[in-house]
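Just below is one structure, and these are the notes that go with it.
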Amino acid sequence: METVRPCGCKGIRSCLICEAEYNIVKPDFKSCLEKCSSYVYCPLCDKSWPGWDADLYKTHPNHQGKAIEYPGVYIQLDFLNSCEITSLVKELDNIPWETSQSGRRKQNFGPKCNFKKRKLRLGSFNGFPKPTKFVQEKLSKVPILADFQTIEQCTLEYDPLRGASIDPHIDDCWIWGERIVTVNVMGNSVLTMTPYHGLDTKYNLKSITEYSTTCKDLKFDVESEDDNNDDIVVRLPMPEGSLMVLYGLARYSWEHCVLREDITSRRICLAYREFTPPYLNDTLKNEEVREILKRALIFQ
């Protein structure tokens, strides 16, 4: 179904509402992943340990099994305290929500991007909500984000009653920079990582050769998206109030998703994006980019 449905879903995207109304059968992705070797990342020791339940990190340092390295992830637990969470949720709920796909709602603040046509325009972007300013200020104090310049802030709400989820994907590489930042404001959840074996024409992955020092370590299929290698799954815990940064191999070599089964209560998160280095370096000749960076300093 290519038309936008009343619930906000379209194409292959669906939620419990439209699945019931239009008899849509959603593939059981979780069951497929559970057949793979799975690991849970522990932010306390920076290693991934055998298992599926994301709460396994709480057993630190008494982990079981043989750990694997999983580079490109930074998780800071308790990035937001309970008072900040309560206040922020209240303020976000005072901002109009827009219906989105797969059982989600959103609030977007940033430029308009057409990833297929690789076009960027200012649109109605005129800064960020003032009640969220303190979050960006806290981000600037995290060493790995010291020079992070936010140019998009997106609030996402996941509703378990609608079967909210987000399908496996890599964030666009033509415009969004090398660090993918998420603040999990409300509700515990999990980010599930699966290796990407597709073509470098997808997600504008070819663009990273223009700017990323990571690209020399990346491998993509040059002829086919099929890959018969045994895969592993890495589960990244996203407790309430935590901060997560994906970069390097985790950013470019792995697709990330949020499974429906991992949304057991209302979840609200803030997603932050930066420009790629070519866009940041283009400010002298690109007036629109310069104006976007200027407006990204405004909170109102």
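The values are calculated or read from the model by the stated rules, or taken from the named source; none is laboratory data. The shown structure was predicted, so the numbers you read here are calculated from the model rather than taken from an experiment. Note that we place each Cβ from the backbone using ideal geometry, even for glycine, and neighbour counts take in every protein chain shown. Quick note on the areas: whole protein, heavy atoms, side chains included, nothing else; ligands and nucleic acids left out. Shrake-Rupley method; radii C 1.70, N 1.55, O 1.52, S 1.80 Å.
Taking every protein chain into account, the 1.4 Å probe leaves Trp52 with about 50 Å² of accessible area, to the nearest ten.
Excluding ligands, DNA and RNA, the accessible surface per residue across the chain is 51 Å² with a 1.4 Å probe. Other residues whose C-beta falls under 11 angstrom from the C-beta of Gln76 contribute a net charge of +1, scoring Lys and Arg +1 and Asp and Glu -1. Accessible surface of Phe109, taken over heavy atoms with a 1.4 Å probe and every protein chain present, rounds to 50 Å². Please tell me which of these pairs span more than 21 angstrom C-alpha to C-alpha: Lys119/Lys202; Lys10/Lys106; Lys106/Lys294; Lys138/Lys206? Lys106/Lys294; Lys138/Lys206, as the Cα separations exceed 21 Å there.
With contacts taken as Cα pairs under 8 Å and at least 6 residues apart, the chain reaches a relative contact order of 26 percent.
Approximating the spin labels as points 7 Å out from Cα along Cα→Cβ, the Gln76-to-Glu288 distance works out to 3.3 nm. Overall, the anisotropy analysis places the chain in the rounded class: the square-rooted eigenvalues a ≥ b ≥ c of its C-alpha gyration tensor yield a/c less than 1.5.
Expressed as a whole percent, the accessible surface of the range 106-150 that belongs to carbon and sulfur atoms is 48, based on a 1.4 Å probe. Under 15 Å of direct C-alpha separation, and excluding same-chain neighbours fewer than eight residues apart, Lys133 reaches these aspartates and glutamates: Glu84, Glu91, Glu152. Computing FRET efficiency as 1/(1 + (r/R0)^6) for Asp55 and Thr99, where r is the C-beta to C-beta distance and R0 is 41 Å, gives about 0.85.
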